[in-house]
């Protein structure tokens, strides 16, 4: 029973991490109509910025996490504002641009930090034990930060002028612009928000899992899987799907073995695509 | 207030507007009437900046809008209610309305909401409901309110009666009168000339991307009603 509860808690913690990643991914798709192939790269970059800030600059880990989030957000802003913005309606061009950025980020990290995984560890260790459960403290801290970030993101999207403008642009860009909303200001900010979330997740999670130049691939694949399951462009769908994926991964890793867990996940997504092609909370078609 | 001169709009090889010139003075309600494909919506879209003009100019309050983007034109004081309503379907009624007042601060937004929900009680009753769930007439009210929430000097109404039952045409007409009572300048397009003529002070009859006749409502009535059936 203790193992069952502990696995569930790990699954929830994984789900929260995935939610942060997938929310950024789905925000970019929902608002800009861009599939960001560089999303995994921002996750990796966030991890390396945090690693370099703590190791080479001697900054405390929380400061490094903030710098990683701001750094990846800044890079995302510049990338959208000066490159992506010009071609935002050309799907093939945006695909090539984001894929190219990912390759550049991976190669750059490889050149600067080398191919080996650096020693980057979470500053707090230990296990929280209670009646019938145990939970690693590092996972608890990551879970808490992820939940605060998710709640903040929801507040931003659903309870601020900025979020209202982003939702309007996602719904009908032309009419939103004709109401005075500024796509050239808001699109880069939305992109920065999404890449900042990816960087934040990377800075939080890589000390627990692993840090290497090419770990962005599975991150991108998981983000894809979650947003397809939740419905492309749906913020609520991505959140729910992230926790479903997190729980399935955790339980299948313990009770079925890793590869069977991945098989279970992909079967679930395949079934979803057959039964409900638009995903759990997706709409049939995206506004122009 | 608005002066369009010699405007041309092309969609690829098709010329949608051929040297169109119109004027709208402050406080007027000017009607663009004509059959489907006459160029009415192209003219509205060229004024707000949703389509680019290949020739000619659009001046608003003495300012040339030609080089301005769509969002800049809206912020210059032009409200826009598009053909087919195009409300933000997943957003609540209140969020739809306040989108038009984006960036104007909480006080101005509250003022806009209080004013508009006072004129259109439907907005308050359905404030939290997704706009996509409303009927066509109700969505038209939301689109009006969204266009008005920035307290614009000029409002562009593109086919406000499109697809509506007579009862809603009467209600929408009343909403337009409310805008007029506030002194808002209106440029509206409408295929259904009969109810639209009751609201306008002047009008232009369009056909094939050109202005065929212009004048007071009395002067254009016969041609406008004939065009309605074309």
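All of the numbers you see were taken from the coordinates with simple rules; none came from a lab. Everything numeric here is computed off the predicted structure, so don't read it as measured data. All Cβ positions, glycine included, derive from the backbone under ideal geometry; neighbour counts span all protein chains shown.
Tabulated data for the structure shown
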read-out	value
Scan of region B:118-131 for residues that are over 20 Å from the mean Cα position of the chain (by Cα) and part of a helix (DSSP H, G or I), ordered by number	B:118, B:121, B:122, B:124, B:125
Residue among A:209, A:169, A:189 that alone is more than 9 Å from chain B (Cβ to nearest Cβ), surrounded by 24 or more Cβ atoms within 10 Å (Cβ to Cβ) and at negative phi	A:169
Residue match in region B:67-79 (condition: more than 10 Å from chain A (Cβ to nearest Cβ), buried (at least 18 other Cβ atoms within 10 Å of the Cβ), in contact with a strand residue (DSSP E or B) (Cβ under 6 Å, 6 or more places away or on another chain) and on the phi < 0 side of the Ramachandran plot)	no
Failed item, numbered, when residue B:41 is tested on (1) under 17 Å from the mean Cα position of the chain (by Cα); (2) touching a residue at least 40 places away in the same chain (Cβ under 8 Å); (3) facing chain A (nearest Cβ under 9 Å)	(3)
Residue A:214, sole failed condition from (1) in a helix (DSSP H, G or I); (2) over 29 Å from residue B:91 (Cβ atoms)	(1)
Any hit, region B:101-121, residues being farther than 24 Å from residue A:169 by Cβ, buried (at least 21 other Cβ atoms within 10 Å of the Cβ), touching a residue at least 12 places away in the same chain (Cβ under 8 Å) and more than 9 Å from chain A (Cβ to nearest Cβ)	yes
Lone qualifier among A:73, A:50 - being closer than 15 Å to residue A:25 by Cα and touching a helix residue (DSSP H, G or I) at 6+ places or on another chain (Cβ under 8 Å)	A:73
Number of the exception - residue A:148 against (1) closer than 16 Å to residue A:238 by Cα; (2) more than 9 Å from chain B (Cβ to nearest Cβ)	(1)
Any hit, region A:85-96, residues being surrounded by 16 or more Cβ atoms within 10 Å (Cβ to Cβ), more than 30 Å from residue A:4 (Cα to Cα) and in contact (Cβ under 8 Å) with a residue 12 or more places away in the chain	yes
All positions within region A:124-158 that are in a strand (DSSP E or B), surrounded by 15 or more Cβ atoms within 10 Å (Cβ to Cβ) and out of contact with any strand residue (DSSP E or B) (no Cβ under 8 Å at 6 or more places or on another chain)	A:133
Region B:80-100 - residue that is more than 9 Å from every other protein chain (Cβ to nearest Cβ) and touching a helix residue (DSSP H, G or I) at 6+ places or on another chain (Cβ under 8 Å) and, of those, surrounded by the fewest Cβ atoms within 10 Å (Cβ to Cβ)	B:83
Boolean, residue A:81 is part of a helix (DSSP H, G or I) and in contact (Cβ under 8 Å) with a residue 12 or more places away in the chain	yes
Failed item, numbered, when residue B:163 is tested on (1) surrounded by fewer than 17 Cβ atoms within 10 Å (Cβ to Cβ); (2) within 14 Å of chain A (Cβ to nearest Cβ); (3) not in a helix (DSSP H, G or I)	(2)
Residues (surrounded by 20 or more Cβ atoms within 10 Å (Cβ to Cβ), part of a loop (DSSP other than H, G, I, E, B) and in contact with a helix residue (DSSP H, G or I) (Cβ under 8 Å, 6 or more places away or on another chain)) located in region B:23-50	B:34, B:38, B:49
Single residue of A:199, A:246 found to be touching a residue at least 24 places away in the same chain (Cβ under 8 Å), crowded, with 19+ Cβ neighbours inside 10 Å and either within 14 Å of another protein chain (Cβ to nearest Cβ) or under 26 Å from residue A:266 (Cβ atoms) (or both)	A:246
Number of the exception - residue A:163 against (1) touching a residue at least 12 places away in the same chain (Cβ under 8 Å); (2) under 19 Å from the mean Cα position of the chain (by Cα); (3) within 14 Å of chain B (Cβ to nearest Cβ); (4) assigned to a helix (DSSP H, G or I)	(1)
Given (1) over 22 Å from residue A:42 (Cα atoms); (2) under 14 Å from the mean Cα position of the chain (by Cα), number of the condition residue A:277 does not satisfy	(2)
